Amino acid sequence: MTNVGPSGIPSPSRLEGKNEAMVVSWFLGLGSLVPWNSLLTIGDYYYDLFPRYHPARVLTLVYQPFAFGTTAILAYNEAKIDTRKRNLVGYILFFLSTLGLLVLDIATSGKGEIGNYIGICVFVACFGVADGLVQGGMVGDLSFMCPELIQSYFAGLAASGALTAALRLITKAAFDKFDNGLRMGVMLFLTISSFFEFLCILLYALIFPKLPIVKYFRSRAASEGSETVYSDLVAAGIHTKESESVLLLQDDEGKHERLSNKQLLFQNIDYALDLYLIYVLTFSIIPGFLYENTGSNQLGSWYAVVLVAIYNIWDLISRYIPLIESIKLESRRGLLIASLSRFLLIPAFYFTAKYGYEGWMIFLVSIVGMTSGYLTVCILTAAPKSYKAPEQNALGNLLVLFLLGGIFSGSALGWLWIIGNGKF
C-alpha cells in the first residue's frame with residue numbers, strides 16, 4: 001500500500017521513479033550548459049578565425065549580461081511565471097541557437113569576417129537568454145523536491161563541461177591530419193550538441209512531469225500555494241477532480257502566506273555571497289586566462305583545450321562528493337571561509353603562468369574545478385531546507401541570480417589579466 005499524506009497525496013517514501021527522476025534531472029542539467037560549454041571548448045577554432053577579437057573573453061561578456069538580465073527579471077516575477085512554459089522555451093531556444101551556429105558556419109564557409117563574428121555574438125546572446133530561462137526555472141523547480149534531484153541537475157551541468165571537452169578532444173584528434181580539419185571537427189561537435197538539446201526538449205516535455213515523485217512534489221507545492229506548477233500538473237494528467245482538490249487547498253490564505261523575496265535574500269545572504277564569490281574567481285580564470293595568458297609550451301594549441309577539459313572533469317567529480325554525508329560541508333561559516341580562501345589561487349595562477357611548469361598549472365586548474373563543484377552543490381542543497389515550496393522556488397531563483405552575477409563579474413574581471421599584464 002502507498003502511504004497517503006494529509007492532503008491526499010502519496011508519501012514520497014513509497015513512490016517509484018526517484019532514480020529515473022535523478023537520471024532525467026542529470027540530462028536536463030547537461031542540456032542547460034551544453035551550448036555554453038560548446039563555445040568554451042571550440043575556442044581554439046574561433047581563435048583561429050578571429051585572432052584579434054579575443055573570442056573567449058568577448059563571447060563570455062556577450063553571453064553573461066543576457067543570462068543575468070533574464071534571470072533577474074524572472075526572479076523578480078517568479079511567483080507568477082509558468083515554470084513549464086519557461087523551461088520549454090529555454091530548451092527550444094538552446095536547440096535553435098546551437099543549430100544556428102552550425103548553419104552560420106556552413107553559410108559563411110568558415111570565413112573569419114566581422115559579419116560572421118557578429119552573427120556568432122547574436123546566437124551567443126540567445127544562449128544567454130535561454131540560460132536565464134532554464135537554469136533559474138529548473139533550480140527553482142527542483143529546490144522544493146528532494147536534494148538528490150538538485151544534486152543530479154548540478155552534476156549534469158558539470159557533466160556538460162566534461163562531455164563537451166571530451167568530445168572536443170576526440171573530434172580535434174580525429175580531424176587533426178585533414179585539410180580544414182579544425183572546422184570539420186567543430187561542425188561535427190555542434191551537430192552532436194544540437195542533438196543533446198533536442199533530447200532535453202523531449203525529456204522535459206514528455207517524461208519528467210509524469211514521474212511519480214515529480215508529480216508528488218509538484219502536487220504538494222500546489223497545495224502550499226504555488227501557482228507556477230499548474231501546467232506541469234496538467235501535463236502529468238493531474239486535472240479535473242484531482243487537480244481541483246489540490247487547488248481548493250489554496251483557499252486558506254493565512255496558511256499560504258510566504259516570505260517575500262527580500263526577506264528570503266536577507267535570511268540567506270551568506271549563501272548568495274558564497275555563490276557569487278565562487279564564480280567570480282572561477283570565471284576570472286576560465287576560459288579567457290587559460291586561452292590567452294598561459295604562454296607557449298610543448299602542447300601548443302592543445303594546451304588550453306586540455307586545461308579546460310581538466311577543469312570540467314574535476315568540476316563533475318566534485319559534485320558527487322556531497323552525496324557522502326560525512327564529508328558534506330553544511331556549516332554556513334565553513335562555506336563562507338572556503339569561498340573566500342579560493343582567492344588565494346589568484347597569485348598562484350599569476351606566478352605559475354610566469355615561472356611555473358605545465359604540471360603546476362594543471363594542479364591549480366584541478367583545484368578550481370574541484371572546489372567550484374563541491375561548494376556549489378553543498379550550498380544549493382542546504383539553503384532551501386525548512387522553507388515551504390513557493391519560498392524554495394523563489395530562493396532557488398535568487399541563488400541562481402547571484403551565481404550568474406558572479407560569472408558575469410568574473411568574466412569582466414578576466415580582462416584585467418590582459419590590461420594589467422600585457423598577456424604576460
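Restricting the search to helices (runs of 4 or more DSSP H) fully inside region 6-110 and requiring at least 3 residues that are farther than 25 Å from Ala173 by Cβ, at pLDDT 80 or above and aliphatic (A, V, I, L, M) gives 18-41, 55-76, 83-107. Cβ-Cβ below 7 Å, separation at least six or inter-chain, first residue in region 403-414 and more than 17 Å from Val139 (Cα to Cα), second at pLDDT below 85 and among the β-branched types (Val, Ile, Thr): which pairs? Here the result reads Ser411/Thr60, each pair linking region 403-414 to a residue that is at pLDDT below 85 and among the β-branched types (Val, Ile, Thr).
Within region 71-101, the set of residues being in contact (Cβ under 8 Å) with a residue 40 or more places away in the chain, closer than 19 Å to Ser38 by Cα and either open to solvent by 20 Å² or more (accessible area, probe 1.4 Å) or of a type in the set (Asp, Glu) (or both) comprises Ile92, Leu93, Phe95, Leu99. Condition check for Leu316 on (1) at pLDDT 85 or above; (2) open to solvent by less than 20 Å² (accessible area, probe 1.4 Å); (3) in a helix (DSSP H, G or I): one failure, at (2). Scanning region 194-239 for residues that are acidic (Asp, Glu) and either assigned to a helix (DSSP H, G or I) or open to solvent by less than 10 Å² (accessible area, probe 1.4 Å) (or both) yields Glu197, Asp232.
In contact (Cβ under 8 Å) with a residue 60 or more places away in the chain, in contact with a helix residue (DSSP H, G or I) (Cβ under 9 Å, 6 or more places away or on another chain) and within 13 Å of Leu30 (Cβ to Cβ) - does that describe any residue in region 173-185? No, every residue in region 173-185 fails to be in contact (Cβ under 8 Å) with a residue 60 or more places away in the chain, in contact with a helix residue (DSSP H, G or I) (Cβ under 9 Å, 6 or more places away or on another chain) and within 13 Å of Leu30 (Cβ to Cβ). One residue alone among Tyr117, Tyr91 is closer than 26 Å to Phe402 by Cβ and touching a helix residue (DSSP H, G or I) at 6+ places or on another chain (Cβ under 9 Å), and that residue is Tyr91. Out of the residues in region 325-358 meeting the condition of being more than 25 Å from Asp270 (Cβ to Cβ) and open to solvent by 50 Å² or more (accessible area, probe 1.4 Å), tell me which one is farthest from the chain's Cα centre (by Cα). Once the filter is applied, the top-ranked residue is Tyr355.
Of all the residues in region 183-209, those that are more than 16 Å from Gly90 (Cα to Cα) and under 19 Å from the mean Cα position of the chain (by Cα) number 2. List pairs: first in region 303-318 and within 11 Å of Arg168 (Cβ to Cβ), second of a type in the set (Gly, Ala, Ser), Cβ under 6 Å, 6+ apart or cross-chain? Partner pairs satisfying both residue conditions: Val308/Ala165; Ala309/Ala165; Asn312/Gly161; Asn312/Ala162; Asn312/Ala165.
Examine region 165-184 for a residue that is closer than 30 Å to Val229 by Cα and open to solvent by 20 Å² or more (accessible area, probe 1.4 Å), and state whether such a residue exists. No: region 165-184 contains no residue that is closer than 30 Å to Val229 by Cα and open to solvent by 20 Å² or more (accessible area, probe 1.4 Å). Close Cβ contacts (under 7 Å, 6 or more residues apart or on different chains) running from residues in region 52-65 that are in contact (Cβ under 8 Å) with a residue 24 or more places away in the chain and within 9 Å of Leu39 (Cβ to Cβ) to residues that are open to solvent by less than 10 Å² (accessible area, probe 1.4 Å) and of a type in the set (Val, Ile, Thr) comprise Leu59/Val124; Tyr63/Val124. Scanning for something open to solvent by 50 Å² or more (accessible area, probe 1.4 Å), out of contact with any Cys (no Cβ under 9 Å at 6 or more places or on another chain) and of a type in the set (Asp, Glu), does region 384-402 turn up at least one residue? No, that holds for no residue. Annotation: Glu242 fulfils all but one of (1) over 32 Å from the mean Cα position of the chain (by Cα); (2) at pLDDT 80 or above; the unmet one is (2). Considering only region 122-145, I want to know if a residue exists there that is surrounded by fewer than 19 Cβ atoms within 10 Å (Cβ to Cβ), at pLDDT below 90 and not in a loop (DSSP other than H, G, I, E, B). So far as region 122-145 goes, no, none of its residues is surrounded by fewer than 19 Cβ atoms within 10 Å (Cβ to Cβ), at pLDDT below 90 and not in a loop (DSSP other than H, G, I, E, B).
The values are calculated or read from the model by the stated rules, or taken from the named source; none is laboratory data. If you're wondering where the values come from, they're calculated on a predicted model, not measured in any experiment. In this analysis, Cβ positions are derived from the backbone assuming ideal geometry, glycine residues included, and neighbour counts consider all displayed protein chains. For the accessible areas, the whole protein counts, side chains as well, though only heavy atoms, and no ligand, DNA or RNA atoms are used. Shrake-Rupley method; radii C 1.70, N 1.55, O 1.52, S 1.80 Å.
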